[in-house]
1. Buried accessible area for the B:A pair, summed, 1.4 Å probe, in Å² rounded to 100?
2. In the full protein assembly as shown, how much of A:Thr113 is accessible to a 1.4 Å probe, in Å² to the nearest 10?
3. Count the net charge of all other residues whose Cβ sits under 12 Å from the Cβ of A:Pro91, scoring Lys and Arg as +1 and Asp and Glu as -1.
4. A:Arg212 accessible area, nearest 10 Å², 1.4 Å probe?
5. Quick check on region A:76-212: what are the equivalent-ellipsoid semi-axes from the Cα gyration tensor, as sqrt(5λ), descending, whole Å?
6. Rank these by accessible area, largest first, 1.4 Å probe: A:Thr145, A:Thr80.
7. Considering only the other residues whose Cβ falls under 15 Å of the Cβ of A:Gly215, what net charge follows from Lys and Arg at +1 and Asp and Glu at -1?
8. Just to confirm the numbers: A:Pro193, label point 7 angstrom along the Cα-Cβ line, distances to the other copies in nm, shortest first?
Number of protein chains: 2
Amino acid sequence: MGLGSIGGSLGLDLRSLGFRVVGVSRNPDTCQKAIALGLVDEASVSLPTVASAQVIFLCTPIAAIAKTTLELIPHLFPNTILTDVGSVKEPIVEVIAPLWQNFVGGHPMAGTTQQGPEAAQAGLFQGKPYVLTPTDSTPATAIKTVEELVRQLQAQIYYCRAPEHDQAVAWISHLPVMVSANLINACLQEPEPTVLELAQQFASSGFRDTSRVGGGNPELGLMMAQYNRQALLKGLYQYRQSLEQITDWVEGENWQALADLLRMTQQARPDFVD
Amino acid sequence: MGLGSIGGSLGLDLRSLGFRVVGVSRNPDTCQKAIALGLVDEASVSLPTVASAQVIFLCTPIAAIAKTTLELIPHLFPNTILTDVGSVKEPIVEVIAPLWQNFVGGHPMAGTTQQGPEAAQAGLFQGKPYVLTPTDSTPATAIKTVEELVRQLQAQIYYCRAPEHDQAVAWISHLPVMVSANLINACLQEPEPTVLELAQQFASSGFRDTSRVGGGNPELGLMMAQYNRQALLKGLYQYRQSLEQITDWVEGENWQALADLLRMTQQARPDFVD
């Protein structure tokens, strides 16, 4: 369900693994493109097309997942397994798990900056984290089936609870977008036009990297805030409190404390990224 | 004066342009290396070695510039031109301009992450901004002489007042370091070890870029805060105020305002960087 870059990439890989892949999109053009690009064996605008599938990947935008699932359920066999690819898990698991027992929340942490079926890539998930968030009542067979498919995509499988996933991605993905957007926003508040112009002329690799995700797709940033609001707020409150402390140190010329902090962040960063 | 990556790179380029370059470093090993690497024609640990130079580039760490200049002045002819390469200008210009008329503050905005004479590179300044901050009383001949040298390095020359330079670099270089370090710092405050571990495992390109300068050389970050304290504080106060507004919007689910902001930052970023 959904033949964008993630749905399309899943189709490509699963087909090359020998699975028969049936795609559904609301847009007939997308269906045609997906077939032409070899992302699916067949495609249709009609939901019931996927009813006979053993496993259905819900790859629509987050906002459409619940609605799509509600429309889909009357057409399914009871043992059909549903899994989604949404980048926030609790709001999805909360809605779908009570409606469909054989549902396993999922989040492949791979993506392209492009959208649509043309952006589909073979091997997109290889070596990337793929998080599964079953609940206590998710049947073991459903979990195992999804895990087996994900393993064949050569992704790195992680299991956690939906709220843990959401807080973790708030820290490393959603908070950075706000922190980065706010850097651009704050610079633009410079009251002297000459100084702002110099800042724009002098900006280089440091500003480029720190501002990159804040200058990205606004719809994605908004969606993160809407669907992961509580976890993002927790991040924003902590960020504010920590920044207050740094500001106090600079105000009070507590250089020892600032030096210790900068040494600590230098040492801690490799625990997150290479 | 100073044969690190900037002083050494200047020596390389100036020598290849046909100038005779005499280097001074407090460290005899550095002098030997600089000669061996072809960065200078001769080098010495003795300050008066440079006394006969027509133009002296002060390339020591910021903390040493004022002291070095005071030691140097008794050995100079009155028409010797001094210029520095410090990344903050007002504290340097404030001290040196009253002591030496033929002084032109400068900031080549190019650098390497490595330090020492081995990090010197030919063509390092080519196409990069090189800011000059003369005062109202700097003699035109001194400005013109430095400008001519910088032009031959193929740098892009900018003129502005020292405080304008300092506020501009606070926005695009020094504030990003604090914003980025504080992202790492805030994430580490996550109270649940499981969630912190997941965050570390899930962190990818977005976190990598946003946290890069905050995980960099702590001495450089500290130096920026110490020497550009007022301008950095102005940036931190504005950043805090803007972040407060974003937080309010997320709290109050004012999605329209957040969407407008993210669209604005997406549009504004290319005015700073490609």
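The values are calculated or read from the model by the stated rules, or taken from the named source; none is laboratory data. Bear in mind that the values here come from a model prediction, so they are computed numbers and not experimental data. Neighbour counts are summed over all protein chains in view; Cβ atoms, including those assigned to glycine, are modelled from backbone coordinates with ideal geometry. With ligands, DNA and RNA removed, areas are computed over all heavy atoms of the protein, side chains included. Shrake-Rupley method; radii C 1.70, N 1.55, O 1.52, S 1.80 Å.
1. Working: alone 15870 and 15920 Å², together 23250 Å².
For chain B against chain A, roughly 8500 Å² becomes buried.
2. 130
3. Values: positive: A:Lys89, A:Arg229; negative: A:Asp84, A:Glu90, A:Glu94, A:Asp166.
Local net charge: -2.
4. Near enough 80 Å² of accessible area.
5. Square roots of five times the eigenvalues give 40, 17, 12 Å.
6. A:Thr145, A:Thr80
7. Around A:Gly215, the surrounding residues sum to -2.
8. Here the equivalent label points are 5.8 nm apart from this one.
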